[in-house]
Amino acid sequence: MIPTSTTSSVPEPSLAELAWTFNHIALASFGGGLSAWSREVVVVEKKWMSDEEFLSALTMCRILPGANQINMAVFVGSKFRGMAGACAACFGLTFMPVVIVLAMSVAYFKFNDVPAMQNTLKGAAAGAVALTFSMAIKTGRKCLTGVIPALLLVATFVMNGVLHWPLFGVLAIVAPPALLWAWPKGARS
Amino acid sequence: MKDEGLNLIHILLLFSSLSLLSIGGGNTVIPEMQHKSVGAYGWLTDKQFADVFAISQAAPGPSVLLVTIIGYKAAGLLGALLATVAMILPAAALVFLVSRMWNRAADSPLRHAIERGFAPLTVGLVLASGYVMSHAADHDWRAYILTGVCTVICTATKTNPLFVVGGASLVGWLGWI
């Protein structure tokens, strides 16, 4: 079992580093795969969070309203630098993408067509999907410690991905057994 | 000009409410966003909505920046900025409060249970989103092979993911998929 990293030995990032890092994550994610990019940078490169901490935050970010990745930026930023950190991470994540999206939409409304990038974007999307699968494989290897987590993983994938059940319905079914399984032994609520 | 002022008010009200309704991510409110911005306010046509949706998916950064484009079409640069802030701020404020509680509860058994127990669920959800994305991107067999090769490279080697996505874009640009 991986220890949860509530005591991290990594130095706390400055506001500028938070903004710069999330800017880097955002710009790398053309074609999609923003979650995978976030993990790649936040967990693997910067070691700001353990895989478990990142994954549980990601699920909470999905349950809460708002774009998942903006929520994740708020989560990471506020962990280190409170409200200022949340704002810095959020600003870093969105500023350049807003500029790019605006430039693209100005071009679109002027020429009345999607810029001739379709094929390139199709390729980028295939790469982004690959990055997402690879994230699932890498994190899956770490948390598949027995039969129960494997069953939970497969059940969640089938209900949400294959059967297209809504997130809340799926979590209502799988979250209670997951919490029961993971509850620290000997602890009281 | 008067129209633009009214549009700004509509932008503020529409996106700040959608922000808090977007439970499960920005994509969950897209039908409502389309209904209002195409049908009720007439800011864009159906075709334009579909096209700017594609732009927002492909552009780097969060795909919720679709609202930036809608705001731009409705009320220019000011509309774009207002739509972006209105869509982000309310939900982000809520998440901020939750993250504060979460960080204070570092040693509670509930937090430990969530961290350990939600990990397999999240991996299942990530797998599901990859699966749904590969279907949405109207993959044919060549795209599936490209995805498969890239997945192996990303998983088995330490190649910078930027090279993988860049390489895949190049393959697409050359018209091979």
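The values are calculated or read from the model by the stated rules, or taken from the named source; none is laboratory data. Keep in mind it's a predicted model, so treat the numbers as computed, not measured. With ideal geometry, Cβ positions are generated from the backbone for all residues, glycine too; neighbour counts draw on all protein chains shown.
Structure above, values below:
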item	result
Close pairs from the stretch B:106-119: first within 15 Å of residue A:49 (Cβ to Cβ) and without any contact (Cβ under 8 Å) to a residue 24 or more places away in the chain, partner among the aliphatic types (A, V, I, L, M) and not in a helix (DSSP H, G or I), Cβ under 7 Å, at least 6 apart	B:111/B:105
Which numbered condition residue A:10 fails, given (1) part of a loop (DSSP other than H, G, I, E, B); (2) in contact with a Ser or Thr (Cβ under 8 Å, 6 or more places away or on another chain)	(2)
Qualifying residue in the stretch A:72-80 (condition: closer than 23 Å to residue B:162 by Cα, among the basic types (Lys, Arg) and surrounded by fewer than 24 Cβ atoms within 10 Å (Cβ to Cβ))	no
For residue B:84: the one exception among (1) of a type in the set (Ser, Thr, Tyr); (2) surrounded by fewer than 16 Cβ atoms within 10 Å (Cβ to Cβ); (3) under 24 Å from the mean Cα position of the chain (by Cα); (4) under 30 Å from residue B:23 (Cβ atoms)	(2)
The one condition in (1) under 22 Å from residue B:97 (Cα atoms); (2) outside any helix (DSSP H, G or I); (3) at the interface with chain B (Cβ under 8 Å from one of its Cβ atoms) that residue A:48 fails to fulfil	(3)
Number of positions in the stretch B:8-65 that are within 12 Å of chain A (Cβ to nearest Cβ), in a loop (DSSP other than H, G, I, E, B) and over 23 Å from residue B:97 (Cα atoms)	6
Pairs with Cβ under 7 Å, 6+ apart, first in the stretch B:1-23 and at pLDDT 90 or above, second not in a helix (DSSP H, G or I)	B:10/B:41; B:19/A:65; B:19/A:66; B:20/A:65
Leading residue by the ranking (farthest from residue A:183 (Cα to Cα)) among those in the stretch B:100-109 that are within 7 Å of chain A (Cβ to nearest Cβ) and part of a helix (DSSP H, G or I)	B:100
Every residue from the stretch A:10-33 that is within 19 Å of the chain's Cα centre (by Cα) and among the β-branched types (Val, Ile, Thr)	A:21, A:25
Residue B:76 being more than 10 Å from every other protein chain (Cβ to nearest Cβ), surrounded by fewer than 23 Cβ atoms within 10 Å (Cβ to Cβ) and either in a loop (DSSP other than H, G, I, E, B) or charged (D, E, K, R) (or both)	no
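Yes or no, residue by residue, for (1) more than 8 Å from every other protein chain (Cβ to nearest Cβ); (2) farther than 24 Å from residue A:167 by Cβ:
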| residue | (1), (2) |
| --- | --- |
| B:131 | no, no |
| B:146 | no, yes |
| B:153 | no, yes |
| B:158 | yes, yes |
| B:166 | no, yes |
